Amino acid sequence: MGNSVLDGVMGKAFVDNIKNPNIAFLVVRSYCFISGNIDDKDLKDIIDKNF
């Protein structure tokens, strides 16, 4: 499923920094896959607000 998002076929991908990401969200249909360091309060607020 990750390849589908990364290839732009389906879903969306979000990162905190495009050149040096610390965290990534892959959203496919009703699923959200989170990878990386989620200790940052701002990122937790983004997750609570959008996911």
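Quick notes on this one:
- Lys41 vs. criteria modelled with pLDDT under 85 and basic (Lys, Arg): yes
- Among the conditions (1) modelled with pLDDT under 85; (2) surrounded by 11 or more Cβ atoms within 10 Å (Cβ to Cβ); (3) among the charged types (D, E, K, R), the only one that Asp48 does not satisfy is (2).
- A search for C-beta distances below 7 Å between a residue of the range 13-27 that is without any contact (Cβ under 8 Å) to a residue 12 or more places away in the chain and any residue that is surrounded by 10 or more Cβ atoms within 10 Å (Cβ to Cβ) and of a type in the set (A, V, I, L, M, F, W, C), counting only pairs 6+ apart in sequence or on different chains, returns Val15/Ile23; Val15/Ala24.
- Looking across the range 11-22 at every residue that is modelled with pLDDT of 85 or more and not polar (S, T, N, Q), the one that is surrounded by the most Cβ atoms within 10 Å (Cβ to Cβ) is identified as Gly11.
The values are calculated or read from the model by the stated rules, or taken from the named source; none is laboratory data. Please read these numbers as outputs of a predicted model, since none were measured by experiment. When we count neighbours, we look across all protein chains shown, and the Cβ atoms used for this are built from the backbone with ideal geometry, even at glycine.
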